[in-house]
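The values are calculated or read from the model by the stated rules, or taken from the named source; none is laboratory data. The structure presented is a predicted model; accordingly, all values stated were derived computationally and were not measured. Note: ideal-geometry Cβ built from the backbone for every residue, glycine included; neighbour counts use all protein chains shown. Keep in mind that these areas ignore ligands, DNA and RNA; they rest on the heavy atoms of the full protein, side chains included. Shrake-Rupley method; radii C 1.70, N 1.55, O 1.52, S 1.80 Å.
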Amino acid sequence: MAHILLRYGEIHLKGQNQRFFLDALVRNVRESIADLGRAQVRHAFGRILVDSPAEEEALVGRLRKIFGVVSLSPVQVASPALPDIAGAAVDIVGAALGTRPGIATFKVDTRRADKRFPLTSMETSREVGQTVQHRFPQLQARMDGPDLLVRIDIRDQAYLSSETIPGPGGLPYGTGGRALALISGGIDSPVASWLGARRGVTIIPVHFHSFPFTSERSKEKVLDLCRVLAGYMGPLGVWIVFFTDIQRAIQLSVPDGLRVLVLRRMMMRIADRLAEQDRATAVITGENLGQVASQTIESIAAINAVTRLPVLRPLIGADKMEIVARAEAIGTYEISIRPYEDCCSLFVPPHPRTQPGLGEADEAERGLPISALIDTAVQRSERLTISPRWARDTLPVGS
Ligand code: ATP
Ligand code: MG
């Protein structure tokens, strides 16, 4: 039986609504490990404790991706009696010596919430430290910067850990409404979706596919990105929108300096329509101020003008380096840099307009049968369910 202790952060600040967020967190934890065996997940003393017959490594791989979890530790559970605690400490140190090379010094640190325990925290640390020292004479006790820190938390039981693994933080998935997340095959949009989801928003990915301008491979790429995201969020309902006719129509009737902008406006209009079907109330994009011509304030204003939905742009102020680092930590970067054809890059003229007036965009769209194009695109869209790809569990997750 493996035991994992999960710590949460912001939920502690949630006053009256705390129960709602905690219930969601416990539910998400349960669902993420449901296929690994019959687990017990319970909330106790401001933490969440998971008991499961699964392998510790597999559990950690899943649980470190749960939004709302700030950090986690595999723990040994002992009865709150000194000999048992000392025995568990010896087990933990033995296990650490077997898996982590180069441990020469150690420290025992005790917190005692149950004041009925007969020894003080200091006394407990000293006694347990002596037992460890006796069993592993090659180790030296060091109070300042030890190689191995054994933490003992005495509550209803004693919980011992020697490792604290960072989680993604944020709020439990599913507690913050629903948004359509526009996902290209690039680096930015999967990160933007992840950031939205980390604030609790349920994500419905939407990809605009322009076969044969863009190949089947670029669609596969987006689905692979969604598989990685599903590792954090659970199964995702993904829209693949038929965008070919719109792309053609724009090419025929829109002046080249405004094509990308009109393309974005068409994406937004379709998102608006899908949102209605899917009960979503926002759109998330990977736009980033000033990165390209269609991401200036003027272009953003022209894009927002065609929807009533709030458009969330979690990356608006990020630098490219920050976005790349985040993509690497999440596990989407390797997929995003696979070569692919971007439906928009086909359109980018040598001098795209960076400061289009609102009237100009409307004018450029005059020759487009907008609502007929939207109807066809929506009718010919596919809806797929994408499940997590657990093989990616081993990737590190930054917070
Ligand atoms: P990304 O790296 O996500 O492609 P980007 O900075 O390259 O972002 P653009 O290519 O200008 O930006 O696209 C801006 C945003 O529009 C994207 O972040 C994404 O949210 C959305 N988008 C662009 N192309 C598509 C597409 N084919 N399908 C779905 N969304 C798209
Ligand atoms: Mg792009």
In nm, spacing of pseudo-spin labels at residue 220 and residue 366 (7 Å Cα→C-beta vector): 4.5 nm
I need the phi-derived Karplus couplings for region 285-296: 6.51 cos²θ - 1.76 cosθ + 1.60, θ = phi - 60°, integer Hz, Gly and Pro marked x. 10, x, 5, 8, 3, x, 5, 9, 4, 7, 10, 8
Provide the gained length on full extension for the span residue 126 to residue 97, in nm with one decimal, where the gain is 0.36 nm per separating residue minus the Cα-Cα distance. 8.4 nm
Relative contact order computed over region 102-192 (Cα-Cα under 8 Å; 6+ residues apart), in percent: 32 percent
What whole-number distance in Å separates the alpha-carbon centres of region 88-111 and region 146-190? 23 Å
Can you send over the carbon and sulfur percentage of the accessible area for region 121-170, probe radius 1.4 Å, protein chains only? 46 percent
Could you work out the relative contact order of region 81-154? I mean the mean sequence separation of Cα pairs under 8 Å and 6+ apart, divided by the number of residues, in percent. 47 percent
Using a Gaussian network model of the chain with C-alpha springs under 10 Å, which one of 144, 245, 35 is most mobile by mean-square fluctuation? 144
Considering only protein heavy atoms, with the full assembly of protein chains and a 1.4 angstrom probe, order 3, 209 by accessible area, largest first. 3, 209
Amide H contacts of residue 69 (H built 1.01 Å from N, under 5 Å, at least 5 apart or other chain): 169
Ranking request for peptides 19-32, 255-268: highest mean number of other beta-carbon atoms within 10 Å first, then the rest in descending order. 255-268, 19-32
Of the DSSP beta bridges with both residues in region 178-396, give the percent that are antiparallel, rounding to the nearest 5. 25 percent
For residue 173, the accessible surface traced by a 1.4 Å probe with all protein chains present amounts, in square angstrom to the nearest 10, to 30 Å²
Rough spin-label spacing in nm, given labels placed 7 Å along Cα→Cβ, for residue 155 and residue 27: 2.2 nm
How much accessible area per residue does region 77-190 have, in Å², with a 1.4 Å probe? 47 Å²
Taking every DSSP bridge whose two residues both lie in the chain, the antiparallel percent to the nearest 5 is 55 percent
Between 324, 241, 228, where does the largest GNM mean-square fluctuation fall for the chain, given springs only between Cα atoms within less than 10 Å? 324
For the chain, set up a GNM with springs between Cα atoms under 10 Å and report which of 242, 208, 45 has the largest fluctuation. 45
How charged is the neighbourhood of residue 40? Take every other residue with its Cβ under 13 Å from the Cβ of residue 40, and add Lys/Arg as +1 and Asp/Glu as -1. +2
Checking the cross-link filter: which lysines have an alpha carbon closer than 22 Å to that of residue 320, excluding same-chain neighbours under 8 positions apart? 221
